[in-house]
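So the structure is just underneath, and the comments pick up after that.
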Amino acid sequence: MFKNILVLIFAQFIFSSSLLANDKLNIFACEPEWKSLAQEIGGEKVKAISATHAKQDPHYIRARPSLIAKIRRADLIFCSGAGLEVGWLPILLQKSNKTVQPGKLGYFIASEYTPVLDIPEKIDRSHGHVHPEGNPHIHLDPNNILLVAKELNRRLSLIDPDNESYYQKQYNNFINRWEKAIPMWNKEIANIKGKKIIIHHKSFDYLFNWMELDEIASLEVKPGIPPTALHLKNILQNINSNPADIIVISPYDPTDGALWLAEKTQMPVVTLPYTIGGNEESKNLFALFDSSIKILQNALYDK
């Protein structure tokens, strides 16, 4: 009897140890691009979820009970910052544990580790939905991904030191592939530099800044303020003297203004994926840039 009890205790110990060994870090990514990067660096040692998907505007989501349940289990919160999640992340943080609060190791804001574009000199309501910290869509410059990946590797290694060598190996592998991809992408975009783009929202500023494309107008009256008939007519009048090549929107942008302008000008409307899952091809960060470049090349090369 006593021998059987010892066997049971030993078996339970082995089972518990196995569970601990198989525990994964829970990463609460605010956007799909950061979930993808977390999976690249964290590999099988992490379980990453995204609070948003590619068909959602990440500015505007609800702090749903399902997200509260997920953030409570988080070992690391991984978000863009620069005001992108200001409408909903603070509500979720109220329900999360102490280790993922601002200022803690488990609170990782990507835009704090990259250059930030479009920082306004002055802020008031007349400027529309402008982020005081600058443009938050930093993931669309591939050089920023290198900077964010470096800090992510550091955070994972500090939070989970037992797997530091694993994260370093994953990081080295990712960086090696990414640093080979950037020169290839630079060659691919060389023939579209200088082309003129009309945008809906400033979602692609980092992408177009890297590609050296020229944003000549925005369909929004001001950031976050939808197009009006007068504003669209003014754009139409202006591009008669300063023609554009294409109109670019994201998967979650309304299409009415873009389609109206396209009908008047015969310009194509191009939907770029913006993030992981934005189209069928964009299944990871490499594919996101591959797909975005291919779409723009097809739309702009012969213009």
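In Å, what Kirkwood hydrodynamic radius results for the range 17-86 from the alpha-carbon pair distances? List each step's numbers first, then the result.
Numbers: mean 1/r = 0.0784 Å⁻¹.
Answer for the range 17-86: a Kirkwood hydrodynamic radius of 12.8 Å.
Treating cross-link reach as a plain straight distance, find the lysines whose alpha-carbon is under 21 Å from the alpha-carbon of K169, omitting any fewer than eight places away in the same chain.
Partners found: K24, K35, K45, K47, K150, K180.
Could you name the aspartates and glutamates in cross-link range of K294, using Cα to Cα under 12 Å and dropping any fewer than eight places away on the same chain?
Of all the aspartates and glutamates, those that pass the test against K294 - Cα under 12 Å, at least 8 places apart if same chain - are E188, E281.
Between E164 and L147, 0.36 nm times their residue separation minus their Cα-Cα distance comes to what? Don't skip to the answer; put the middle values down first.
Values: separation 17, 0.36 × 17 = 6.12 nm, distance 1.85 nm.
Full-extension gain reported as 4.3 nm.
Calculate how steeply helix 229-241 sits against the longest principal axis of the alpha-carbon atoms of the chain, using the helix alpha-carbon long axis, and give the answer as 0 to 90 degrees to the nearest 10.
Here the helix axis deviates by roughly 70 degrees.
Run through the DSSP bridge list for the chain and note the antiparallel percent, rounded to the nearest 5. It would help to have the intermediate numbers written out before the result.
Values: 1 of 22 bridges.
Within the chain, antiparallel bridges account for around 5 percent of the total.
Mind sorting I197, I189, I49 by how few other Cβ atoms lie within 10 Å of their own Cβ, fewest first?
On the way: I197 23, I189 19, I49 16.
Ordered from fewest to most neighbouring Cβ atoms within 10 Å, I197, I189, I49 come out as I49, I189, I197.
Hey, any idea what the orientation-averaged projected area of the convex hull of the range 189-300's Cα atoms comes to, in nm²? Provide the component values of the computation, followed by the final result.
Details: hull surface 26.5 nm².
About 6.6 nm², averaged over all directions.
In nm, to one decimal, how far is the I91 label point from the L105 one, both placed 7 Å along Cα→Cβ?
A separation of 3.1 nm, rounded to one decimal place.
What is the mean projected area of the alpha carbon convex hull for the chain, to one decimal in square nanometres? Spell out each step's value before the answer.
Working: hull surface 76.7 nm².
Projected over every direction and averaged, the Cα hull of the chain covers 19.2 nm².
Which order results if I109, I159 are arranged by neighbouring Cβ count within 10 Å, fewest first?
Details: I109 21, I159 18.
Listed from fewest to most nearby Cβ atoms, that is I159, I109.
Listing Y167, Y274, Y252, Y301 from the residue with the fewest other Cβ atoms within 10 Å to the one with the most, what is the order?
Details: Y167 25, Y274 30, Y252 21, Y301 10.
With the sparsest Cβ surroundings first, the list reads Y301, Y252, Y167, Y274.
With θ set to phi - 60°, apply the Karplus curve 6.51 cos²θ - 1.76 cosθ + 1.60 along the range 157-163 and write out the HN-Hα couplings as whole Hz, x wherever there is a Gly or Pro.
Calculated HN-Hα couplings, in order: 5, 6, 6, 10, x, 4, 10 Hz.
Step through the residues of the range 178-193 one at a time and calculate ³J(HN,Hα) from phi using the Karplus curve (6.51 cos²θ - 1.76 cosθ + 1.60, θ = phi - 60°), rounding each to whole Hz and writing x for Gly and Pro.
5, 5, 7, 6, 4, x, 5, 5, 4, 5, 5, 8, 4, 8, 10, 4
Under the rule of at least 5 residues apart or a separate chain, name every residue whose amide H is placed under 5 Å from the amide H of Y107.
Long-range HN contacts for Y107: I77.
Could you tell me whether the range 23-184 comes out rounded, prolate or oblate from its Cα gyration tensor? Rule is a ≥ b ≥ c as square roots of the eigenvalues, rounded for a/c under 1.5, then prolate if a/b exceeds b/c, otherwise oblate. Show your work: numbers first, answer last.
Values: a/c = 1.94, a/b = 1.22, b/c = 1.60.
In terms of gyration-tensor shape, oblate.
Can you list residues from other chains, or at least 5 along the same chain, whose modelled amide H is less than 5 Å from the amide H of I197?
Close amide H contacts, sequence-distant or interchain: D214, E215, I216, D245.
Bear in mind that the values in this text are calculations on the coordinates, not laboratory data. As the structure is a prediction and not an experimental result, all values here were calculated from the model. Quick reminder, even Gly has a Cβ in these numbers, built from the backbone with ideal geometry, and neighbours come from all protein chains shown.
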